[in-house]
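Asks: Structure provided below as structure tokens; questions to follow.
Every read-out reported here was derived from the displayed coordinates using simple, explicitly stated rules and does not represent laboratory data. Predicted, not measured: the structure shown is a model, and the values here were computed from it. Neighbour counts run over all protein chains shown; Cβ positions are idealised from the backbone, glycine included.
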Amino acid sequence: MRKQKIAIVGAGLAGVYAAYRLHKAGIDFDLFEARNRLGGRIHSTEGGLDLGPAWFWPDFQPHMHGLVAELGLSSFAQHEQGDALLERGLGQLMRRQGYPSGNLSMRIGGGTIRLIDALAANLPSDCIHLNTQVLAATLDETGIALRLSAGYCEPHSYSHIWLAIPPRLASRIAFAPQLSQGSIGQLCAVPTWMAAHAKYVARYSQPFWREQKLSGDAFSTVGPLGEIHDASNGEAAALFGFFAIDAARREQFSDAELRALCRTQLIRLFGEEAGTPLEDRVQDWAADPLTATAADQTPPRWHSLHDLTKAFERPWVDRLALVGSEAGGEQGGYMEGALLAVDATLQRVLELPSTDIAG
């Protein structure tokens with residue numbers, strides 16, 4: 001019988017938010033992250049431009065809306081004023097009246113990374129372990145011990161493990177006792193949201209497209225970017241786009257070649273000024289082994305709902321929880337889903353006696 005102590009695996013939004021909530025609840029934790037930074041799929045350029053998720057929608061994502069307000073972060077509506085561009089082929093550029101999205105799309109001032117920074121600022125630094133991958137977890141009568149990539153075993157005994165990483169990556173951890181084949185199958189069947197995709201962002205001294213009465217929205221059948229939007233974050237002017245070419249084709253180009261192709265496309269759409277950004281960056285999530293697996297190279301055809309509430313069997317069922325975004329039910333894959341998964345798991349832990357790790 002020991003006091004509760006949670007091992008959180010992964011320091012994306014789910015992991016950092018989990019640590020934030022546990023710390024506020026007075027529950028001990030350690031947060032392990034294989035990368036050299038916090039944020040996971042929330043990442044930015046040096047200029048604070050979003051390379052991962054950027055939007056949240058207050059009208060159906062109240063937890064994100066509430067957390068942004070709780071942390072005192074500024075937010076603003078996605079810029080949509082002006083005309084949109086449609087490129088049907090080379091030399092076939094159409095300008096049409098823009099239209100607002102169906103739901104109010106909001107962004108965080110300074111970029112979504114500000115959300116991670118604000119959460120992390122509330123955490124004790126000695127509980128955060130970067131460059132540390134969890135390789136194995138062993139459960140016995142004293143609790144849970146971890147084997148880490150840093151070359152040693154974590155001597156503390158944990159009462160629970162919260163997996164704040166994509167389920168497919170979680171399946172790679174060596175559990176003893178082993179997870180059942182049914183559990184592993186469930187984990188491997190869940191696509192990692194947006195893992196097959198890549199983004200291009202370009203920062204400029206000013207949003208010159210707005211002077212042309214353009215919204216920054218553009219849609220192209222030519223590519224390499226299929227969908228482009230204004231990525232200005234309240235502090236910097238920028239455009240971003242999602243690649244229309246798949247992961248296998250992107251591998252055929254160097255980073256410099258991809259950026260050059262994107263700049264050429266932006267010149268076609270927005271004029272010569274678009275070809276000289278102050279900085280530009282490609283973030284290919286499919287090429288990131290801490291995000292995507294081989295099974296994630298092709299995106300799912302739709303945003304599916306995965307019930308992971310019964311993913312684990314005894315003896316792990318009461319000790320192991322999925323708290324990453326993919327476990328967020330109807331909001332799975334979104335930032336809102338990460339918050340929902342964490343809050344649901346925390347509620348179950350709070351209902352346990354503080355000294356009970358017996359499961």
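Asks: Is the stretch 264-359 best put as rounded, prolate or oblate by its Cα gyration tensor, with a ≥ b ≥ c the root eigenvalues, rounded for a/c under 1.5, and otherwise prolate when a/b is larger than b/c, oblate when not?
Replies: Prolate shape, in that a/c is at least 1.5 and a/b is the bigger ratio.
Asks: At a threshold of 8 angstrom on Cα-Cα distance, excluding pairs fewer than six apart, so keeping six or more, what relative contact order does the stretch 1-54 reach in percent?
Replies: Relative CO of the stretch 1-54 lands at 34 percent.
Asks: Express in nm, to one decimal, how much length is gained between Arg95 and Phe60 on full extension, taking 0.36 nm for each residue of separation and deducting their alpha carbon distance.
Replies: 9.5 nm
Asks: Suppose every Lys and Arg Cβ carries +1 and every Asp and Glu Cβ carries -1, with no other charges. What dipole size does the chain come out with about its Cα centre, to the nearest 20 debye?
Replies: With only Lys, Arg, Asp and Glu charged at Cβ, the dipole is about 280 debye.
Asks: Next question. Beta carbons within 10 angstrom, averaged per residue: use that to sort the peptides 7-15, 264-272, highest first.
Replies: Per-residue mean Cβ counts within 10 Å order the peptides as 7-15, 264-272.
Asks: Total Lys pairs in the chain closer than 25 Å by alpha-carbon, pairs eight or more apart in sequence or interchain only?
Replies: 4
Asks: Related question: Any idea what Rg and Dmax come out to for the chain if you just take the C-alpha atoms, in Å?
Replies: Rg, Dmax (Cα atoms, Å): 21.5, 71.
Asks: Let me ask something additional. Suppose R0 equals 45 Å; then what is the FRET efficiency for Ser304 and Thr264 from their Cβ-Cβ distance, rounded to the nearest 0.05?
Replies: Taking R0 as 45 Å, the efficiency between Ser304 and Thr264 is 0.80.
Asks: What trypsin sites (Lys or Arg not before Pro) does the stretch 272-329 have in DSSP loop regions with at most 10 other beta carbons within 10 Å?
Replies: Arg301, Lys310
Asks: Once the cut-off is 16 Å, how many percent of the Cα-Cα pairs in the stretch 117-218 end up in the long-distance tail?
Replies: Of all Cα-Cα pairs in the stretch 117-218, 73 percent lie more than 16 Å apart.
Asks: If one takes the longest principal axis of the Cα atoms in the chain, at what angle in degrees, from 0 to 90 and to the nearest 10, does the Cα axis of helix 335-350 lie?
Replies: 10 degrees
Asks: First select every other residue whose beta carbon is under 13 angstrom from the beta carbon of Arg281; then total the charges, Lys and Arg +1, Asp and Glu -1.
Replies: With Lys, Arg at +1 and Asp, Glu at -1, the net is -2.
Asks: Rank Pro166, Pro62, Pro53 by mean-square fluctuation in a GNM of the chain with C-alpha springs under 10 angstrom and give only the top-ranked residue.
Replies: It is Pro62.
Asks: Now a separate question. Rounded to the nearest 10 degrees, what's the angle between the helix 13-25 long axis and the longest principal axis of the chain, both from Cα atoms, 0 to 90?
Replies: Around 50 degrees separate the two axes.
Asks: How high is the relative contact order of the stretch 215-277, in percent, with contacts defined as C-alpha pairs under 8 Å that are six or more residues apart?
Replies: Rounded, it is 25 percent for the stretch 215-277.
Asks: Taking the square root of 5 times each eigenvalue of the Cα gyration tensor, what semi-axes in Å does the equivalent ellipsoid of the stretch 218-263 have, largest first?
Replies: The three semi-axes for the stretch 218-263 are 21, 13, 8 Å.
Asks: I'd like the antiparallel share, as a percent to the nearest 5, of DSSP beta bridges with both residues in the chain.
Replies: Expressed as a percentage, antiparallel bridges in the chain total about 65.
Asks: Related question: Ala174 to Phe242: FRET efficiency via 1/(1 + (r/R0)^6), r the Cβ-Cβ distance, R0 25 Å, to the nearest 0.05?
Replies: 0.10
Asks: Still on this structure, I have one more. Quick one: dipole size for the stretch 1-150, taken about the Cα centre, charges +1 on Lys/Arg Cβ and -1 on Asp/Glu Cβ, in debye to the nearest 20.
Replies: 100 debye
Asks: Could you compute the FRET efficiency for Phe76 and Asp140, with r as their C-beta to C-beta distance and R0 at 56 Å, rounded to 0.05?
Replies: After rounding to 0.05, the efficiency reads 0.65.
Asks: Another question, if that's okay. At 7 Å along Cα-to-Cβ for each site, give me the label-to-label distance between Tyr152 and Phe208 in nm.
Replies: 5.5 nm
Asks: So between Phe253 and Glu272, what do we pick up on full extension, going 0.36 nm a residue minus the alpha carbon distance?
Replies: 4.5 nm
Asks: Now, a different point. Using alpha carbons only, how many angstrom separate the centre of the stretch 281-358 from the centre of the stretch 112-181?
Replies: A separation of 14 Å, based on Cα centres.
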